[in-house]
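Trainee: Below is the structure I would like to discuss, written out as structure tokens.
Nothing in this text is a laboratory measurement; each read-out follows from the coordinates by a stated rule. Because the structure is a prediction, the values reported are computed rather than measured. Note: ideal-geometry Cβ built from the backbone for every residue, glycine included; neighbour counts use all protein chains shown.
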Amino acid sequence: MRFGQMRFGHVAALIAVVSSLLAAEDIASVIGYADRRNPTLARLSADIRSKGYDSQIAALLPNPMLSAGFADISLRTPFKRDIEAMQTNFVTFSQEIVSSEKRGYNTRIKSLEQEIAALLLSEQKHRIARSIYALGYEIAQNDRTISLLREKIANIRELSAYHNEHLEEKKAFQDIIRNDLDIENIRLAILSKEEQNSQLYVKLSELAGKRITSLTISREPKYGKSIHGHILLRIQKLRIEQAKSAHELANANLTPNPTISGGYYQRDGRDDYLNLSVSMPLPVYGREERELAKSMSALSASRSAYDETYNEIESLYRVALSKRELALRALANRRSLMEHLRKEREFILSQNSAQSIQEATMLRNRIIESEIELLTYRKELRLAELELSYLTSRLEARL
């Protein structure tokens with residue numbers, strides 16, 4: 001009967017594990033959900049489409065002006081009192097002429113704005129992917145820590161059983177009470193980790209736009225050796241190109257845009273006539289020269305902004321490399337310690353005595369504590385490499 005119950009328990013545990021694996025979302029799928037459902041990405045996508053219309057509008061001439069009306073005039077002057085009243089009906093048409101050169105500059109500026117918007121969308125996708133990976137690493141660390149803590153509880157229970165069997169009653173009672181307190185503290189730590197994971201899954205679901213309750217990380221992001229392809233630097237390059245086109249447009253605007261007007265006038269009792277005129281604004285206040293100087297300053301500022309962004313990204317890249325190196329050293333040291341503890345435990349177990357089993361169990365708990373610390377260093381290494389992947393623009397939004 002006991003054998004059947006044990007068998008049933010193993011089968012139930014296996015079913016639970018398989019079910020959890022089937023329900024788990026791979027991190028690539030979660031990033032794909034965010035790509036399709038995240039409201040910030042949806043807004044940026046709509047902004048790209050909007051800026052596409054801006055570039056089309058910039059290529060067009062301004063709308064013409066059409067006017068129509070009538071005038072009924074009676075002249076009464078001290079010198080001529082015999083002039084008859086005159087009624088006039090008229091239709092006029094005017095069109096501001098913007099040169100193809102100016103419209104070309106405007107179109108170029110708006111097209112670059114659309115390209116910048118597309119890069120901003122890609123940058124936001126990278127940021128969201130980075131956040132999803134970071135949450136996934138935190139969840140994975142908590143899950144593994146919970147598993148190790150549960151194993152530690154089982155080991156402490158074995159120690160309590162050993163104390164109860166081999167130590168005198170008073171000493172055994174004291175050790176068992178201390179072990180029970182340790183177990184309660186470990187259970188509180190497990191509850192804390194489970195609560196952390198619940199909150200992390202809420203954040204993950206917000207990013208993905210879909211409820212996520214389980215996560216697997218099937219592949220790690222890669223990183224390159226150069227920051228020159230970073231999206232923010234590419235955006236700054238486009239802003240420099242945009243400032244150049246704006247400066248060329250300001251230079252072209254030193255020549256004012258003429259407006260051509262024409263009209264037809266119909267007068268009662270008199271001959272009809274046509275009117276054709278050309279008007280042009282007079283650049284007498286220096287507005288155009290100031291716009292040209294302003295565009296030159298904006299071009300200089302855009303170049304400085306590129307240098308500023310580059311220095312900032314380079315600094316972050318160096319910090320991430322340093323963090324990765326420190327994490328690797330800490331991992332190597334911790335693994336060396338764990339290997340030493342494992343060998344010591346194997347030697348103790350080889351003694352094949354009740355005392356050696358107790359010491360081996362206690363040593364196993366020390367190994368578990370070291371492994372929990374190892375998880376922290378491993379997460380730090382993953383986060384450093386994740387940052388490097390982001391800074392070298394190798395972190396793809398779709399994996």
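Trainee: Any residue in the range 266-277 that is surrounded by 11 or more Cβ atoms within 10 Å (Cβ to Cβ), closer than 30 Å to S67 by Cβ and hydroxyl-bearing (S, T, Y)?
Mentor: So the first thing to find is which residues in the range 266-277 are surrounded by 11 or more Cβ atoms within 10 Å (Cβ to Cβ), and the list is 266-268, 270, 272-273, 275, 277.
Applying the additional criterion that residues be closer than 30 Å to S67 by Cβ yields 266-268, 270, 272-273, 275, 277.
Those still in the list that are hydroxyl-bearing (S, T, Y) too: 273, 277.
Checked against the condition, which is being surrounded by 11 or more Cβ atoms within 10 Å (Cβ to Cβ), closer than 30 Å to S67 by Cβ and hydroxyl-bearing (S, T, Y), the range 266-277 yields at least one hit.
Trainee: Also, quick follow-up: If a residue must be charged (D, E, K, R) and crowded, with 22+ Cβ neighbours inside 10 Å, how many such residues does the range 117-140 contain? Write out each step before concluding.
Mentor: At the first step, the residues of the range 117-140 found to be charged (D, E, K, R) are 123, 125, 127, 130, 138.
Still in the list and also crowded, with 22+ Cβ neighbours inside 10 Å: 125.
Of the residues in that region, 1 qualify.
Trainee: Give me a count of the residues in the range 99-127 that are β-branched (V, I, T) and out of contact with any Ser or Thr (no Cβ under 8 Å at 6 or more places or on another chain). Reasoning before the result, please.
Mentor: Initial filter on the range 99-127 (β-branched (V, I, T)): 107, 109, 116.
Filter again for out of contact with any Ser or Thr (no Cβ under 8 Å at 6 or more places or on another chain), leaving 116.
Residues flagged as β-branched (V, I, T) and out of contact with any Ser or Thr (no Cβ under 8 Å at 6 or more places or on another chain) within the range 99-127 amount to 1.
Trainee: For S205, state whether it is under 19 Å from I128 (Cβ atoms), without any contact (Cβ under 8 Å) to a residue 60 or more places away in the chain and either surrounded by 14 or more Cβ atoms within 10 Å (Cβ to Cβ) or of a type in the set (G, A, S) (or both).
Mentor: Taking the combined requirement at face value, the residue satisfies it.
Quick grid of which residues meet (1) closer than 30 Å to R290 by Cβ; (2) buried (at least 16 other Cβ atoms within 10 Å of the Cβ); (3) of a type outside the set (S, T, Y):
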{"site": "R211", "(1), (2), (3)": "no, no, yes"}
{"site": "Y223", "(1), (2), (3)": "no, yes, no"}
{"site": "S226", "(1), (2), (3)": "no, no, no"}
{"site": "L238", "(1), (2), (3)": "yes, yes, yes"}
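Trainee: May I ask you to say which residue of L274, L254 is under 29 Å from L61 (Cα atoms), outside any loop (DSSP other than H, G, I, E, B), of a type in the set (A, V, I, L, M, F, W, C) and without any contact (Cβ under 8 Å) to a residue 60 or more places away in the chain? Working first, answer last.
Mentor: Numbers: L254 fails: outside any loop (DSSP other than H, G, I, E, B).
None of the others qualify; the one that does is L274.
Trainee: Restricting to the range 195-224, and then to whatever is within 21 Å of the chain's Cα centre (by Cα) and of a type in the set (D, E, K, R), can you tell me which residue is farthest from R127 (Cα to Cα)?
Mentor: R211
Trainee: Based on this model, can you work out whether A327 counts as of a type in the set (G, A, S) and in contact with a Phe, Trp or Tyr (Cβ under 9 Å, 6 or more places away or on another chain)?
Mentor: Judged against the criteria, A327 is a match.
Trainee: Looking at E387, E359, E344, can you tell me which residue is assigned to a helix (DSSP H, G or I), touching a residue at least 24 places away in the same chain (Cβ under 8 Å) and either hydrophobic (A, V, I, L, M, F, W, C) or surrounded by 13 or more Cβ atoms within 10 Å (Cβ to Cβ) (or both)?
Mentor: Working: E359 fails: touching a residue at least 24 places away in the same chain (Cβ under 8 Å); E344 fails: touching a residue at least 24 places away in the same chain (Cβ under 8 Å).
Being assigned to a helix (DSSP H, G or I), touching a residue at least 24 places away in the same chain (Cβ under 8 Å) and either hydrophobic (A, V, I, L, M, F, W, C) or surrounded by 13 or more Cβ atoms within 10 Å (Cβ to Cβ) (or both) holds for just one of E387, E359, E344, which is E387.
Trainee: Restricting attention to the range 287-324, and to residues there that are hydroxyl-bearing (S, T, Y) and surrounded by fewer than 16 Cβ atoms within 10 Å (Cβ to Cβ), which single residue is farthest from N251 (Cα to Cα)?
Mentor: So, considering only residues that are hydroxyl-bearing (S, T, Y) and surrounded by fewer than 16 Cβ atoms within 10 Å (Cβ to Cβ), the one farthest from N251 (Cα to Cα) is S322.
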